[in-house]
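This report refers to the structure that appears directly beneath it.
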Amino acid sequence: MKQSQCLKLFAVIVSITVGSSHVWATGPRVTQALLSPSENQIYTDDFPPFSSTDISTGGFAAEIINTAMKGAKLDFVQTTLPLQRMVKFYLKQEGALAIYGRHLSFTKKENKNLIYIPIVVNTEKYFYYSPAHKNELTWTGNLKAFNSYTYGAQTGENTDKYKKAGVRVQYGRTHSLLKKMITKKVDFISAPDINMQWMIDKYFLTEKDNIKPVNGFSKLEALSVIFNKRHKQGALAAKAFKKELAAMVKDGRYLAIVKKYAQAKDKPVNYVKRLANYNKSSNR
């Protein structure tokens, strides 16, 4: 059986076993004439609050994408898949219009056929479980200071720098990694502030005061929609989407969406500034 047939069969089995309402989340379809609805799929995996079957709007990123695609008069269907590798499969093997998600890495050769459009720039931090560490964890600027620790890496994450520094690595999704951290199987994990807060509030509220950020460490990470140049309308859709996203930022629609999801400590206007600064520095 070919890889594509196996993966499609697996998707069907998962949807039957788990229940389609929890596995597949489809965003609103915008019936316009530019693109064909049957051919223009946007895929992601579960990454709350950016994309999630547990959120009525589909999530932070999903709502931005839906609004921009609708404004650009692009016909599409947005779907949340259960596994990250399925997201990449549908882009590379099935020719999807676009995908988005965290740690979706591609080779230099593959990137030549992709167009990245940042939609959210997050503050990402390291987090640890304080009962497992007598002293607070502090970032000294070098991962070698953590060479006796185990890092909880996201599926698909490039962990070369951790292994090079002598840090042990275990893989998983945010929920499972938080469990491992609380049971002292991993020492620290990384996540955007907003993602970590959402997971703690929903699943680990009793541990809220024990899950702390590593002192002195934060970095900016962009979440991008990745359009497929090999799709017959990929480049055209990317151009129209980018133009409409800029219009959303200018007319306040972007900020209105951000206000639904941003934490009080991270002012919504910061997302607008970070996106503008990122685009300016990356020249995209």
### Message
Looking at the range 106-128 only, could you name the residues that are surrounded by 20 or more Cβ atoms within 10 Å (Cβ to Cβ) and not in a strand (DSSP E or B)?
### Response
none
### Task
Could you tell me which of the residues Leu223, Leu177 is surrounded by 15 or more Cβ atoms within 10 Å (Cβ to Cβ), closer than 30 Å to Tyr90 by Cβ, in contact with a Lys or Arg (Cβ under 8 Å, 6 or more places away or on another chain) and not aromatic (Phe, Trp, Tyr)?
Leu223
### Query
Does the range 55-84 hold any residues that are of a type in the set (Val, Ile, Thr) and free of Cβ contacts under 8 Å to residues at least 60 places away in the same chain, and which are they?
Ile55, Val77, Thr79, Thr80
### Task
Scan the range 247-272 and report the pairs whose first residue is closer than 15 Å to Pro118 by Cα and whose second residue is among the hydroxyl-bearing types (Ser, Thr, Tyr), with Cβ atoms within less than 7 Å and a gap of 6+ or a chain change.
Met248/Thr67; Met248/Tyr254; Val258/Tyr271; Val272/Tyr254
### Task
Could you look through the range 132-154, keep only residues that are surrounded by fewer than 17 Cβ atoms within 10 Å (Cβ to Cβ) and β-branched (Val, Ile, Thr), and pick out the one that is nearest to Gly166 (Cα to Cα)?
Thr140
### Odd one out for Asn228 among (1) surrounded by 13 or more Cβ atoms within 10 Å (Cβ to Cβ); (2) under 20 Å from Gly152 (Cβ atoms); (3) touching a strand residue (DSSP E or B) at 6+ places or on another chain (Cβ under 8 Å)
(2)
### Task
For residues that are surrounded by 21 or more Cβ atoms within 10 Å (Cβ to Cβ) and farther than 24 Å from Glu244 by Cα, scanning just the range 65-84, find the one that is farthest from the chain's Cα centre (by Cα).
Leu81
### Message
Being surrounded by fewer than 18 Cβ atoms within 10 Å (Cβ to Cβ) and at negative phi is the filter here; which residues of the range 181-198 pass it?
### Response
Ile182, Thr183, Lys185, Gln197
### Task
Would you mind listing the helices (runs of 4 or more DSSP H) fully within the range 129-215 where at least 2 residues are closer than 25 Å to Tyr100 by Cβ, without any contact (Cβ under 8 Å) to a residue 24 or more places away in the chain and not aromatic (Phe, Trp, Tyr)?
160-164, 193-203
### Message
With the structure loaded, tell me whether Val87 is free of Cβ contacts under 8 Å to residues at least 60 places away in the same chain, crowded, with 21+ Cβ neighbours inside 10 Å and closer than 19 Å to Asn215 by Cα or whether it fails that test.
### Response
no
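Read-outs throughout are calculated quantities, based only on the coordinates presented, and are distinct from any laboratory measurement. On a predicted model such as this, the values are computed, not experimentally measured, just so you know. Cβ: placed from backbone, ideal geometry, glycine included. Neighbour counts: every protein chain shown.
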